[in-house]
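The values are calculated or read from the model by the stated rules, or taken from the named source; none is laboratory data. Everything numeric in this text was worked out from a predicted model, so none of it was measured. Ideal geometry is used to build each Cβ from the backbone, glycine not excepted, and the neighbour counts take in all protein chains shown. Just the protein is used for accessible areas: all its heavy atoms, side chains included, with ligands, DNA and RNA removed. Shrake-Rupley method; radii C 1.70, N 1.55, O 1.52, S 1.80 Å.
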Amino acid sequence: MIRIAAFLALLVVACSGESCTDPVITPSAYTTSDAVISSESVFIVELSLACANGAQSVTLYADVNGRQFPVTRGQDVGKYQVSWSLPHKQASSGTYQVKFFDEESYSALRKAQRNNEDVNAIEPLFSVNIDHRGAWNGPWVSTEVVAALIGILVYYMAFSAKSTIQA
């Protein structure tokens, strides 16, 4: 019985992620800028994370405007990525704050959401601000319409010139 309890305790310790103290991050971000060729605006945040305590396998979760996403760990040590998408109309231009939580603070966040408590009281491990300039929807007037109008104008001018010459 003691062996089973010791094995279970060892399993819990081995499966739990490390906690990070004094994180140092180097973020980079991408957002969709052209709505003509895509159906949704995509947001991608990549970051390098270094912890003062040397933790390397930190499990992270991201929160963006009340929506949570798992953060994937890259092949390189300390590299992480999170991505999400929104319809273009919902992805307004501006600054998006992405809050990153470790396992402990994420479980506190989920508990606060379940109990309808104030989620702003829970401090994230760190946060990253992303500037989204909005997605370009193309020109107001399509090139086909402009070409047709120019063609009609050229035809009118040629017809008018012909009428003037023949008169």
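Annotations for the structure displayed:
- The single residue among L86, L47 that is touching a Pro at 6+ places or on another chain (Cβ under 8 Å), closer than 28 Å to D34 by Cβ and either assigned to a strand (DSSP E or B) or not β-branched (V, I, T) (or both) turns out to be L47.
- E103 being open to solvent by 40 Å² or more (accessible area, probe 1.4 Å) and out of contact with any strand residue (DSSP E or B) (no Cβ under 9 Å at 6 or more places or on another chain): no
- When the residues of the stretch 125-163 are filtered to those that are of a type outside the set (A, V, I, L, M, F, W, C) and in contact with a strand residue (DSSP E or B) (Cβ under 8 Å, 6 or more places away or on another chain), the one that is most open to solvent (accessible area, probe 1.4 Å) is R133.
- Only residues that are among the small types (G, A, S) and either touching a Ser or Thr at 6+ places or on another chain (Cβ under 7 Å) or open to solvent by less than 70 Å² (accessible area, probe 1.4 Å) (or both) were counted in the stretch 108-121, giving 2.
- Answer from V77, V58 - the residue that is modelled with pLDDT under 90, β-branched (V, I, T) and not in a strand (DSSP E or B): V77
- Pairs are defined by a Cβ separation below 6 Å, a sequence spacing of at least 6 or placement on different chains, a first member in the stretch 122-149 that is modelled with pLDDT under 85, and a second member that is outside any loop (DSSP other than H, G, I, E, B) and open to solvent by less than 30 Å² (accessible area, probe 1.4 Å); the pairs so defined are A135/S41.
- Tally, over the stretch 42-96, of residues that are in contact with a His (Cβ under 9 Å, 6 or more places away or on another chain) and surrounded by 15 or more Cβ atoms within 10 Å (Cβ to Cβ): 3
- Top-ranked residue in the stretch 23-41 [being closer than 15 Å to V128 by Cα and in contact (Cβ under 8 Å) with a residue 24 or more places away in the chain; ranked as surrounded by the fewest Cβ atoms within 10 Å (Cβ to Cβ)]: V24
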